[in-house]
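Right, one structure below, let's go through it.
Just so it is clear, none of the values below were taken in a lab; they were calculated from the coordinates. What you see is a predicted model, and the numbers here were worked out from it, not measured in a lab. Glycine gets a Cβ as well: all are built from the backbone with ideal geometry, and neighbour counts include every protein chain shown.
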Amino acid sequence: MARKFPHKDFRGSYNRLTEMALRMAILMASLENNNKITIKHWARAQELAELLRKNLHRLYDQVNGGEAKNSLELEIMKVIKEHFDRKQFTARNLQDANSKLKKEQIGTVNKILKDLQVGGRLTSTPPPEGQETSKSPWYRR
């Protein structure tokens, strides 16, 4: 499995996943079936190994910053600086001002704006006068 996988950073972990699945099946069998592994034990062990694999990829993305997110963050900050410096805006305003951001889902843009707010690069503001019924969060640089 690991030899076919092109990403070198995961090879060691992928090599261990099969061994970990077997060990989990053995452990489950030792607890309930007189040390005999059944298909039920093996299936559950494979599910757990798959969960470990998914979590490995999530951890890798978090540690390495997720390059796609970083480029979107940079694009968002560029649009804010060019079009909305010292003005209030929503995620939809940013998308309307930039063709690259229009291609992204509104939820993705909102998530990045929320991350920027938590990081202190943006502040949340009440909607401007006349926009009080807007459900979208408003931000300011």
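The table for this structure:
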| read-out | value |
| --- | --- |
| Reachable aspartates and glutamates, given that their alpha-carbon falls under 13 Å from the alpha-carbon of residue 114 and they are not under 8 places away in the same chain | 73 |
| Residue-count net charge about residue 81 - beta-carbon cut-off 12 Å; Lys, Arg +1, Asp, Glu -1 | +2 |
| Per-residue [θ]222 nm for the chain (sum of -39500 (n - 2.57) over DSSP H runs n ≥ 4, rounded to 500) | -20500 deg cm²/dmol |
| Amide proton proximity set for residue 89, modelled H, under 5 Å, gap of 5+ | 139 |
| On Cα atoms only, tilt of 67-83 relative to the major axis of the chain in degrees | 10 |
| Length-normalised contact order of the range 70-140 in % [C-alpha pairs under 8 Å, at least 6 apart] | 35 |
| The chain: C-alpha gyration tensor shape, a/c 1.5 cut-off, then a/b vs b/c | prolate |
| Cα-Cα separations in the range 8-63 greater than 17 Å, expressed as whole percent | 41 |
| Neighbour-limited loop hits for chymotrypsin sites (Phe, Trp or Tyr not before Pro), the range 45-116 (at most 11 other Cβ within 10 Å; DSSP other than H, G, I, E, B) | none |
